[in-house]
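Read the structure below first, then the notes.
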Amino acid sequence: MRYLHAHWRIGYVRTPRERRKAPFEAALDAVSPREHLLLYRDASAFILMNRYPYNAGHLLVLPVRRVGDLAELDDGEAAGLMAGIRRAQRTLVRAMAPDGFNIGFNVGGAAGAGLPDHLHCHVVPRWNGDTNFMPVVGATKVLPQALEDLYDTLLPHVP
């Protein structure tokens, strides 16, 4: 029998849902961007690696200002957010050469937003054949690379 260890998730799993905090603001103030998996920041948006990814290379793009809905962004923030999404996609293309992407928002708790008070866009690289029985049968996704190692792979490719 083989064992799958995802030890980095235990802190998240054990934290009661009502106490789970988004690491987003902490990442903006971080002395060490790598510790918070912060890949890029400008005046209006920033890019983080998702600490609980759907797939290897799963990135989050967020506006710097904490808002819960696209409609709350001003035009400059919206343009900066879209530029960040494009930057995230280009980074993944350069570093990982995926075959496609899932890119999107879950706005509001009813839509599946786990952190509905800070809007964020998911940029998830996909490869032909990247699905298997594990997510279906075991409700488990197997990621082949440690987040910190992947951070080191992605960072030089951020445009």
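General observations
- Taken over region 90-134, the criterion of being modelled with pLDDT under 85, farther than 22 Å from residue 77 by Cβ and surrounded by 13 or more Cβ atoms within 10 Å (Cβ to Cβ) is satisfied by 130 alone.
- Output for region 39-63, where each listed residue is over 20 Å from residue 157 (Cβ atoms) and surrounded by 18 or more Cβ atoms within 10 Å (Cβ to Cβ): 44, 63
- Qualifying residue in region 97-105 (condition: closer than 23 Å to residue 154 by Cα and touching an Asp or Glu at 6+ places or on another chain (Cβ under 9 Å)): yes
- Region 24-38, subset assigned to a helix (DSSP H, G or I) and modelled with pLDDT of 85 or more, residue surrounded by the most Cβ atoms within 10 Å (Cβ to Cβ): 36
- With respect to the stated conditions, residue 62 is within 17 Å of the chain's Cα centre (by Cα), of a type in the set (A, V, I, L, M, F, W, C), outside any helix (DSSP H, G or I) and closer than 20 Å to residue 27 by Cβ.
- The listed residue being over 17 Å from the mean Cα position of the chain (by Cα), in a helix (DSSP H, G or I) and either modelled with pLDDT of 95 or more or of a type in the set (A, V, I, L, M) (or both), out of 78, 83: 78
The values are calculated or read from the model by the stated rules, or taken from the named source; none is laboratory data. Everything numeric in this text was worked out from a predicted model, so none of it was measured. Using ideal geometry, Cβ is built from the backbone for each residue, glycine included, and neighbour counts are taken over all protein chains shown.
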